[in-house]
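Chemist: One structure, as structure tokens, below. Some questions next.
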Amino acid sequence: MAANNRRMSGKKGAQVGSGGQRRRGLEGKGPTPPAEMRKGHKKNRVATAKAKQSVRRPAPRGRGGKSASELVVGRNPVYEALREGVPATTLYVQQFIDNDERVREALQLAAERGGIHLMEAPRPELDRMTNGLNHQGLVLQVPPYEYAHPEDLAAAAADAGVDPLIVALDGVTDPRNLGAVVRSVSAFGGHGVVVPERRAAGMTAGAWKTSAGTAARTPVARATNLTRALESYKKAGIAVVGLAADGEVEIGELDALGGPVVIVVGSEGKGLSRLVGETCDFRVRIPMPGGAESLNAGVAAGIVLYEAARRRV
């Protein structure tokens, strides 16, 4: 009877049979999750609505057009994209995810960068978003890339009072090559890169990663028709120089590289297309005493850009 009285009493303190629940209740539960990931919080509702709209709504087309939004899928790809500064709007995290080191690092990077919405979503929703890919509970949304117009690149050089130095890619389909070219253009003081709208690499997450962040300050323009864009450059007094294994002159002998110039690089396998090759004012070759048949677009562009930069100094 005395025991029952102790249970029924209104006195504070541990009750008989509590099993240490009060002690466990005092243990820490880790850091408070961001407001965007707390269900019921206003910021969570706003972030959810914005994320759904950005995934479903087609991107508006500007002067140079925009690409479609892109999803980076998987723990390592998401972490690498965040580490390399790939632009991102939303990081989707699976509910009840196994919180390993890579997940914690990705969340920390997203929080440190700021401006990235953190969204918790059930696995079926992530499966639907990624068309069943092995997302491992992490999905990063990359916003549409806003391309410049080819005329903008020459205009930027004119505003700076210098001769334009531009690279155009013909038939290059590997985004990593595009990223490498963007990096070289930035390193040697170029004014941008022109790519065709169709059948060509665009500014994907892979291109951003390879550019090592230089895509943030080196514009990429998209041309509806590359041949017409090159002809427009020629009318503006800019020399169009195409790289070709059977070019008539070596790069070290071409004085045009010291002035306003567009360097056209073709694909590693096929080189320049017929129409683009016919549009070029000069077709130059890179001497390769080692006997290699060709260079990839990133390496070839870097060599010619170095020669052009050397002449300008």
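Chemist: From the residues in the range 277-302 that are in a helix (DSSP H, G or I) and touching a helix residue (DSSP H, G or I) at 6+ places or on another chain (Cβ under 7 Å), which one is nearest to residue 166 (Cα to Cα)?
Modeler: The initial filter retains those residues of the range 277-302 that are in a helix (DSSP H, G or I), namely 277-279, 297-302.
This time we only want the ones that are touching a helix residue (DSSP H, G or I) at 6+ places or on another chain (Cβ under 7 Å), so: 279, 297-298, 301-302.
Working: 279: 16, 297: 14, 298: 14, 301: 10, 302: 12 Å.
Selected residue: 301.
Chemist: Got at least one residue in the range 133-156 being closer than 19 Å to residue 221 by Cβ, small (Gly, Ala, Ser), in contact (Cβ under 8 Å) with a residue 24 or more places away in the chain and assigned to a helix (DSSP H, G or I)?
Modeler: At the first step, the residues of the range 133-156 found to be closer than 19 Å to residue 221 by Cβ are 143-156.
From what's left, small (Gly, Ala, Ser): 148, 154-156.
Now drop any that are not in contact (Cβ under 8 Å) with a residue 24 or more places away in the chain, which leaves 148, 154, 156.
Among the residues that remain, those that are also assigned to a helix (DSSP H, G or I) are: 154, 156.
Checked the range 133-156: at least one residue is closer than 19 Å to residue 221 by Cβ, small (Gly, Ala, Ser), in contact (Cβ under 8 Å) with a residue 24 or more places away in the chain and assigned to a helix (DSSP H, G or I).
Chemist: Moving on. Residue 113 is checked against (1) within 30 Å of residue 188 (Cβ to Cβ); (2) touching a strand residue (DSSP E or B) at 6+ places or on another chain (Cβ under 7 Å) and fails just one. What number does that condition carry?
Modeler: Failed condition: (2).
Chemist: Kindly provide the set of residues from the range 157-179 that are surrounded by 22 or more Cβ atoms within 10 Å (Cβ to Cβ), outside any strand (DSSP E or B) and hydrophobic (A, V, I, L, M, F, W, C), ordered by number.
Modeler: 172, 178
Chemist: What single numbered condition from (1) crowded, with 21+ Cβ neighbours inside 10 Å; (2) within 30 Å of residue 302 (Cα to Cα); (3) touching a strand residue (DSSP E or B) at 6+ places or on another chain (Cβ under 8 Å) fails to hold for residue 138?
Modeler: Looking at each condition in turn, residue 138 falls short on (2).
Chemist: While we're on this one: Which residue, of 113, 176, 198, is modelled with pLDDT under 95 and under 30 Å from residue 312 (Cβ atoms)?
Modeler: 176
Chemist: Looking only at the range 293-313, count how many residues are over 31 Å from the mean Cα position of the chain (by Cα) and aliphatic (A, V, I, L, M).
Modeler: Step one: filter the range 293-313 for residues over 31 Å from the mean Cα position of the chain (by Cα), giving 311, 313.
Applying the additional criterion that residues be aliphatic (A, V, I, L, M) yields 313.
Number of matching residues: 1.
Chemist: Can you give me the number of residues within the range 185-203 that are under 23 Å from residue 307 (Cα atoms) and either in a strand (DSSP E or B) or within 16 Å of the chain's Cα centre (by Cα) (or both)? Reasoning before the result, please.
Modeler: Narrowing the range 185-203 to residues under 23 Å from residue 307 (Cα atoms): 185-195.
Those left that are additionally either in a strand (DSSP E or B) or within 16 Å of the chain's Cα centre (by Cα) (or both): 186, 192-195.
So the count comes out to 5.
Chemist: Look through the range 85-134, keep the residues that are polar (S, T, N, Q) and under 20 Å from the mean Cα position of the chain (by Cα), and return whichever of them is surrounded by the most Cβ atoms within 10 Å (Cβ to Cβ).
Modeler: 90
Chemist: Further, regarding this structure: Hey, could you check the range 275-303 for residues that are of a type in the set (Asp, Glu) and at pLDDT 90 or above and say which is nearest to residue 191 (Cα to Cα)?
Modeler: 281
The values are calculated or read from the model by the stated rules, or taken from the named source; none is laboratory data. Bear in mind the structure is a predicted one, so any value in this text is a computation, not a measurement. So basically every Cβ, Gly included, is an ideal-geometry build from the backbone, and we count neighbours across all protein chains shown.
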